[in-house]
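Below is one structure, written out as structure tokens, with a few remarks after it.
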Amino acid sequence: MNYRHVYHAGNHADVLKHIVMMRAFLHLKKKDKPFLFLDAHAGTGLYALWGDEALKTLEWQDGVGRFYDPSGNAVPLATDCEALIAPWRDAIATVNAVGQPLSHYPGSPAFALHILRKTDRILLNELHPEDHGKLADFAARDKRVFLSAGDAAIAVKAHLPPPERRGFILIDPPYEREDEADRAIRMLRDGYRRFATGAFALWYPVTGDGLSDRLVKEAQALALPKMLKAELLVRQVLPEGGLAGSGLILINPPWPLAEELAVLGPELCKRMRQTDGAKWSLDWLS
Ligand SMILES: C[S@@+](CC[C@H](N)C(=O)[O-])C[C@H]1O[C@@H](n2cnc3c(N)ncnc32)[C@H](O)[C@@H]1O
């Protein structure tokens, strides 16, 4: 396991993923009944933007960095879209000092901790021993949090369906192994078989090696109802690779997430565009 999210935290892919997550959480909270957030690949929870690792790539500067000026003030989107990203900004504000340049970016666990209620449950799974240790330091004291350090596929099988019968499951693998796309699809299938009413989000990279096309086709072949694909390219996809964009396959996206993404997606694309070929797409796969 070589992948460490600290090199990539806050990049354009994180921005898309976390804004979508925050909208989904907000809609799930409209019902009083508690729900489970299962983060199958949780990472460390919180990332320093000026640490040695982040400085090596500076990926965040073309992601979250496009939403703040150098003094840390928000650079707003158009009013309707700014309102949609407000929960994401609120969580970022809690880990940064007012009036100072951005110093930290929350990971998916930190976003969840910020927005979920006392009664909701947060199950954080992370396999990398060092990152799991950091995650435990970050989140273990919160009474809503349960930690696990196993393989994501096992966590999905072990914890679904949740007793709450409501939940959001994030499958966010690093795609460093050859078979990782197949494993991700199997996780989605196994999770859905156990918990067909759950909301699922599977993240994937668009890198020009055909992985994203294959993964989307395989997801579609599962023939699950209510499957939405949201994809954001920040530049042209090149055969030599590199992260040109990313996407999310969403199962049972809570209403009105799809309608919101139709408004927000083009604005996120404009804001994080790097070169020609930047493109937003939103399609129901079923
Ligand atoms: C893309 S990062 C997660 C980022 C995090 N979800 C966020 O949005 O802040 C993927 C994480 O999965 C972990 N990981 C890799 N293989 C795994 C596996 N088989 N089971 C569980 N975690 C794994 C990596 O150590 C890494 O921290």
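The values are calculated or read from the model by the stated rules, or taken from the named source; none is laboratory data. Because the structure is a prediction, the values reported are computed rather than measured. Cβ placement follows ideal geometry from the backbone for every residue including glycine, while neighbour counts extend to all protein chains displayed. The protein model used for the area step is the full one, side chains on, heavy atoms only, and it has no ligands, DNA or RNA in it. Shrake-Rupley method; radii C 1.70, N 1.55, O 1.52, S 1.80 Å.
Worth pointing out:
- Near pairs, Cβ below 7 angstrom, 6+ apart or cross-chain, from the stretch 158-177 (open to solvent by less than 40 Å² (accessible area, probe 1.4 Å)) to any residue that is among the acidic types (D, E) and not in a strand (DSSP E or B): P173/E180
- Number of residues in the stretch 31-53 that are of a type outside the set (S, T, N, Q) and either touching a residue at least 60 places away in the same chain (Cβ under 8 Å) or near the ligand (Cβ under 7 Å from one of its atoms) (or both) equals 15.
- Residue in the stretch 130-139 that is in a loop (DSSP other than H, G, I, E, B) and within 16 Å of L38 (Cβ to Cβ) present: no
- Residue identified as open to solvent by 10 Å² or more (accessible area, probe 1.4 Å) and part of a helix (DSSP H, G or I) among K270, K229: K270
- Among the candidates T94, T44, T57, residue that is open to solvent by 10 Å² or more (accessible area, probe 1.4 Å) and either farther than 25 Å from V145 by Cα or out of contact with any helix residue (DSSP H, G or I) (no Cβ under 7 Å at 6 or more places or on another chain) (or both): T57
- Considering the conditions (1) part of a loop (DSSP other than H, G, I, E, B); (2) in contact with a Phe, Trp or Tyr (Cβ under 9 Å, 6 or more places away or on another chain); (3) open to solvent by 10 Å² or more (accessible area, probe 1.4 Å); (4) within 11 Å of the ligand (Cβ to nearest atom), L77 is excluded by exactly one of them, (4).
- Restricted to the stretch 1-27, and to residues there that are among the basic types (K, R) and closer than 19 Å to E82 by Cα, the residue that is nearest to the ligand (Cβ to nearest atom) is K17.
- Screening A140, A149 for residues that are hydrophobic (A, V, I, L, M, F, W, C) and modelled with pLDDT under 95 leaves exactly one candidate, A140.
- Screening Q220 with (1) away from the ligand (no atom under 16 Å from the Cβ); (2) polar (S, T, N, Q); (3) open to solvent by less than 40 Å² (accessible area, probe 1.4 Å) gives one miss only, at (3).
- Within the stretch 210-234, residues that are within 16 Å of R183 (Cβ to Cβ) and in contact (Cβ under 8 Å) with a residue 40 or more places away in the chain reach no partner that is open to solvent by 70 Å² or more (accessible area, probe 1.4 Å) and outside any loop (DSSP other than H, G, I, E, B) with beta carbons closer than 7 Å at six or more positions or on different chains.
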